[in-house]
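See structure below.
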Amino acid sequence: MTVADASVVLEWENNPENWEVSDTKEPFTAQEIDDFVRLPQDINSQQQLRLMICESKMGKPIGCIDLFEFEKGKSAGIGVLIANKNYRNMGFATEALKQVINYCRNELKLAYIFCNIYKNNKASIRLFENCGFEFVEQRLLNQQKVNYFELKMW
């Protein structure tokens, strides 16, 4: 993610349709997003990392993949968003997820990565299961039931 991505990130973060799959409760200001994109993209210092997903021909950002709640040598949470609906179900999320799984395994040396998926988000459940994540349990997140999945790295 770069400063040039600020306007598209603001658009995605402030789209209420995307709030259904995130913890967002209210819109972000342009300044908040600008501050966010200017943070060092270093998972060790920030305990999070956002990577942009771009379509291959024009390099246009179509979504993002996030690592969060990073614990060095242990775990990280992961989330994927293909914000541009025209690019959903075309393999972009799968490819991005596989690349980040390899990064978590080979570079970060994590023991496992996890995700929380709202029960009605069937597409995300299918994506993560197809990439090897296994259902562990149902949890409450923001007073809603979510499915908690893990992928053991070793």
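The values are calculated or read from the model by the stated rules, or taken from the named source; none is laboratory data. Small disclaimer: the values here were computed from a predicted structure and weren't measured. With ideal geometry, Cβ positions are generated from the backbone for all residues, glycine too; neighbour counts draw on all protein chains shown. The protein model used for the area step is the full one, side chains on, heavy atoms only, and it has no ligands, DNA or RNA in it. Shrake-Rupley method; radii C 1.70, N 1.55, O 1.52, S 1.80 Å.
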Inset, instruction - Keeping to the range 85-123, report how many residues are assigned to a helix (DSSP H, G or I) and either modelled with pLDDT under 95 or touching a helix residue (DSSP H, G or I) at 6+ places or on another chain (Cβ under 8 Å) (or both). - result: 8
Inset, instruction - From (1) open to solvent by less than 80 Å² (accessible area, probe 1.4 Å); (2) over 27 Å from V136 (Cβ atoms); (3) in contact (Cβ under 8 Å) with a residue 24 or more places away in the chain, pick out the condition that doesn't hold for R38. - result: (1)
Inset, instruction - Kindly indicate whether E17 is closer than 19 Å to Y118 by Cα, under 14 Å from the mean Cα position of the chain (by Cα) and open to solvent by 60 Å² or more (accessible area, probe 1.4 Å). - result: no
Legend entry - Selected residue [more than 17 Å from V3 (Cα to Cα), modelled with pLDDT under 95, touching a strand residue (DSSP E or B) at 6+ places or on another chain (Cβ under 8 Å) and not hydroxyl-bearing (S, T, Y)] from Q41, Q47: Q47
Inset, instruction - Could you run through the range 55-67 and say how many residues are within 20 Å of N86 (Cβ to Cβ) and crowded, with 17+ Cβ neighbours inside 10 Å? - result: 5
Inset, instruction - Give the residues of the range 1-41 that are touching a Leu at 6+ places or on another chain (Cβ under 8 Å) and either part of a loop (DSSP other than H, G, I, E, B) or closer than 17 Å to I82 by Cβ (or both), sorted by residue number. - result: M1, W12, N18, V21, S22, D23, F28, Q41
Inset, instruction - Restrict the check to the range 81-98 and report whether at least one residue is β-branched (V, I, T), within 22 Å of Q41 (Cα to Cα), touching a residue at least 40 places away in the same chain (Cβ under 8 Å) and open to solvent by less than 90 Å² (accessible area, probe 1.4 Å). - result: no
Legend entry - Where a residue in the range 113-142 is over 19 Å from Q48 (Cβ atoms) and its partner, wherever it lies, is open to solvent by 70 Å² or more (accessible area, probe 1.4 Å) and modelled with pLDDT of 95 or more, with Cβ under 7 Å and at least six apart: C131/K98
Legend entry - Test for L51: is it assigned to a strand (DSSP E or B) and either aromatic (F, W, Y) or surrounded by 12 or more Cβ atoms within 10 Å (Cβ to Cβ) (or both): yes
Legend entry - Among the candidates N142, N102, residue that is farther than 21 Å from D5 by Cα, surrounded by fewer than 16 Cβ atoms within 10 Å (Cβ to Cβ), polar (S, T, N, Q) and in contact with an Asp or Glu (Cβ under 7 Å, 6 or more places away or on another chain): N142
Inset, instruction - Taking only the range 95-124 into account, find how many residues are under 24 Å from K145 (Cα atoms) and of a type in the set (S, T, N, Q). - result: 4
Inset, instruction - State whether one or more residues within the range 69-80 are in contact with a helix residue (DSSP H, G or I) (Cβ under 6 Å, 6 or more places away or on another chain) and under 20 Å from C131 (Cβ atoms). - result: yes
